Structures are given as C-alpha cells and as structure tokens.
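The values are calculated or read from the model by the stated rules, or taken from the named source; none is laboratory data. Here the structure is a predicted model, which is why all the values come from computation and not from measurement. So basically every Cβ, Gly included, is an ideal-geometry build from the backbone, and we count neighbours across all protein chains shown.
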Amino acid sequence: MRRGLTLIELILVVAIMTSVGILSAPVYSRFLTQNAVEEAATIVSQNLRKAQWYALMSRKSSVSGWGVYYLDNPAQEMVLYQGANYASRNPAVDEKTKLPGRIGVTNFEVNFTRVTGIPGGLPTIIISGQGNTRSISINGMGVVSVAKI
C-alpha cells in the first residue's frame with residue numbers, strides 16, 4: 001500500500017483552492033470599502049464635534065471660532081482650523097486628518113461660532129464607496145448625527 005497523493009488529487013486540491021481565492025476577492029474588497037466608509041464617517045463626525053468643542057472653549061482664540069474643511073484632494077486630508085472661515089484661518093494651529101482611501105466624500109466647510117458652538121451652516125456630508133453610503137448631518141444646535149443611507 002502506497003502513501004501520498006496522486007497527481008489528480010493534487011490538481012483537484014489546487015483547483016479548489018484557486019476557485020475559493022477567486023470567489024472571495026470581491027467579498028474582501030467590498031469589506032475593505034465598507035470598513036473605509038465607516039471609518040471615514042467616524043473621523044469626520046469626531047472632527048466636527050472636536051471643532052465645536054474647541055469653539056465652545058474658545059481654544060487658542062478669544063475672537064473666532066473653529067471649523068472643519070474638506071475639499072476633495074489626492075491626499076484625502078481634512079483640516080480642523082481656527083478662524084472665521086478656512087480662507088482666513090490661522091494655519092499655525094491647523095490639525096490635519098487623513099481620511100481612508102477608496103471612498104468619496106462631498107466637499108464641505110463647517111464653522112462653529114465661539115462660545116455658543118452653533119454651526120454657521122447646516123451641510124449634509126455624504127461618504128460613499130461601492131454601494132455603502134453614510135450621511136452626516138448637523139442640526140441648528142450643532143448636534144452631529146450619522147445615518148446609513
């Protein structure tokens with residue numbers, strides 16, 4: 001009695017493993033994108049809350065608020081800034097945060113007024129990738145909420 005594998009058995013095992021690998025690639029890719037969308041939604045909402053908190057505390061300024069700015073760029077960077085708007089900000093205190101790749105984020109700028117923390121606008125921020133979409137909205141009182149679309 002011989003021990004070992006025949007060539008047919010070896011080819012069959014390799015074919016099965018190749019099929020499993022090929023079929024699992026799209027699922028894994030979708031999982032990575034879904035995770036990137038969730039991570040980006042968390043990062044954006046945390047930065048919005050942080051800007052509001054800085055504005056409420058009048059952090060590093062007794063005259064202007066804080067805001068968050070994102071313009072679609074290759075670096076996928078979002079900027080937490082101190083100032084009345086992004087154009088007139090104080091770049092020395094900018095806090096830059098990199099968003100995960102493989103996703104799309106709508107351009108936005110939200111500024112929170114000093115002491116009250118009320119937002120200057122009420123944008124809806126959309127984060128999406130491969131059919132996974134999250135919506136981040138801010139109400140008139142500055143409450144940030146994330147919803148699955």
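Taking the criterion of being hydrophobic (A, V, I, L, M, F, W, C) and more than 21 Å from Ser62 (Cα to Cα), the residues of the range 95-114 that qualify are Leu99, Ile103, Val105, Phe108. Flag: Arg102 does not match the condition of being more than 20 Å from the chain's Cα centre (by Cα) and charged (D, E, K, R).
Note on the range 96-125: residues that are among the basic types (Lys, Arg) and closer than 13 Å to Ala84 by Cβ total 1.
If you go through the range 78-95 and keep only what is loosely packed, with under 14 Cβ neighbours inside 10 Å and not hydrophobic (A, V, I, L, M, F, W, C), you end up with Ser88, Asn90, Pro91. Just one of the numbered conditions (1) touching a Lys or Arg at 6+ places or on another chain (Cβ under 9 Å); (2) exposed (fewer than 12 other Cβ atoms within 10 Å of the Cβ) is not true of Asn107: (1). Residues considered: Ser19, Ser45, Ser24. Of these, the only one that is touching a residue at least 60 places away in the same chain (Cβ under 8 Å), in a helix (DSSP H, G or I) and polar (S, T, N, Q) is Ser45. Cβ-Cβ contacts under 7 Å between residues 6 or more apart (or on different chains), taken from a first residue in the range 73-89 that is of a type in the set (Lys, Arg) to a second residue that is part of a loop (DSSP other than H, G, I, E, B), are listed as Arg89/Gly83. Any residue at all in the range 32-49 that is at pLDDT below 90, under 16 Å from Glu95 (Cβ atoms) and of a type in the set (Ser, Thr, Tyr)? Within the range 32-49 (the criterion being at pLDDT below 90, under 16 Å from Glu95 (Cβ atoms) and of a type in the set (Ser, Thr, Tyr)), the answer is no, since none of the residues qualifies. Among the residues making up the range 67-86, those that are modelled with pLDDT under 95 and among the hydrophobic types (A, V, I, L, M, F, W, C) are Leu71, Ala75, Ala84. Within the range 115-135, residues that are under 18 Å from Leu56 (Cα atoms) reach partners that are part of a strand (DSSP E or B) and among the hydroxyl-bearing types (Ser, Thr, Tyr) with beta carbons closer than 9 Å, at six or more positions or on different chains, in the pairs Leu122/Ser137. The residue of the range 80-99 that is nearest to the chain's Cα centre (by Cα), among those that are under 16 Å from Pro119 (Cα atoms) and aliphatic (A, V, I, L, M), is Leu80. Look at (1) in contact with a Pro (Cβ under 8 Å, 6 or more places away or on another chain); (2) farther than 21 Å from Gly121 by Cβ; (3) hydrophobic (A, V, I, L, M, F, W, C) and you find that Val93 fails only one, number (1).
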